[in-house]
1. Could you check the stretch 19-33 and list, in sequence order, the residues that are in contact with a strand residue (DSSP E or B) (Cβ under 7 Å, 6 or more places away or on another chain), over 20 Å from P138 (Cα atoms) and free of Cβ contacts under 8 Å to residues at least 24 places away in the same chain?
2. Could you tell me whether A57 is among the small types (G, A, S) and surrounded by 13 or more Cβ atoms within 10 Å (Cβ to Cβ)?
3. Just give me the residues in the stretch 103-126 being more than 17 Å from I3 (Cα to Cα) and either of a type in the set (K, R) or in a helix (DSSP H, G or I) (or both), in sequence order.
4. Consider T77 carefully, then state whether it is out of contact with any Pro (no Cβ under 9 Å at 6 or more places or on another chain), part of a helix (DSSP H, G or I) and within 20 Å of V28 (Cα to Cα).
5. Since D143 meets every condition but one in (1) touching a residue at least 60 places away in the same chain (Cβ under 8 Å); (2) within 17 Å of I2 (Cβ to Cβ), which condition does it not meet?
6. Between residues in the stretch 34-61 that are modelled with pLDDT of 95 or more and residues that are surrounded by fewer than 14 Cβ atoms within 10 Å (Cβ to Cβ) and among the hydrophobic types (A, V, I, L, M, F, W, C), which pairs lie under 6 Å by C-beta distance while being six or more apart or on different chains?
7. Going by the conditions given, is L66 at pLDDT 95 or above, within 25 Å of V126 (Cβ to Cβ), touching a Ser or Thr at 6+ places or on another chain (Cβ under 6 Å) and not hydroxyl-bearing (S, T, Y)?
8. Which residue is surrounded by the fewest Cβ atoms within 10 Å (Cβ to Cβ), if the candidates are limited to the stretch 1-41 and must be within 11 Å of the chain's Cα centre (by Cα) and small (G, A, S)?
Amino acid sequence: MIIFGVDPGTARMGWGIVDINGGNIHAVGYGCIATGKTESPPNRLLMLYTALMDLLAKNTADVISLEELFFATNAKTIIPVGESRGIVLLTAAQKKIPVVSYSPLAVKRAITGDGTADKKQVQYMVTRLLHLEAIPKPDDTADALAIALAHAYSYKLKGVVK
């Protein structure tokens, strides 16, 4: 099963692809889509959409694993992140790829065993679990791989099997 993980955002959208083959999980690819600060919100969304469509045209994905919206203290970020999630959902629908969502707590719990783990602990475990030489940068990229791994470890429970 090939899982395309996404950490949504309009300034930076992290992505990571993992492949489960038997009991082995390895990273196929990962990166970050960045949009310019001077771009208008509609242009940023178009850039994200175009880049995602291109990535999914070049890479096979059986499922997209996406981080759920998390609202804590910064109300300014919830709307752009929601718009970014919408781009991912639209792209998935057009490509006919099922989507599953995980809360940040569920991702941390799946990767570290602790839902209150900090970002450095998650990054360390992503690097170890995927046998990477270094922590993927920027943080959004490591987060996307963590989101993909969360699905890799729990898809049988979610009932989304391809």
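The values are calculated or read from the model by the stated rules, or taken from the named source; none is laboratory data. No experiment lies behind these values; they were computed from the predicted model shown. Every residue, glycine among them, receives a Cβ derived from its backbone with ideal geometry; neighbour counts consider all protein chains shown.
1. D19
2. So A57 does not fit the description; no.
3. P104, L105, K108, R109, T112, K119, K120, Q121, V122, Q123, Y124, M125
4. no
5. D143 satisfies every listed condition except (2).
6. none
7. Spelling it out, L66 is indeed at pLDDT 95 or above, within 25 Å of V126 (Cβ to Cβ), touching a Ser or Thr at 6+ places or on another chain (Cβ under 6 Å) and not hydroxyl-bearing (S, T, Y).
8. Filtering the stretch 1-41 for residues that are within 11 Å of the chain's Cα centre (by Cα) and small (G, A, S), the one surrounded by the fewest Cβ atoms within 10 Å (Cβ to Cβ) comes out as G31.
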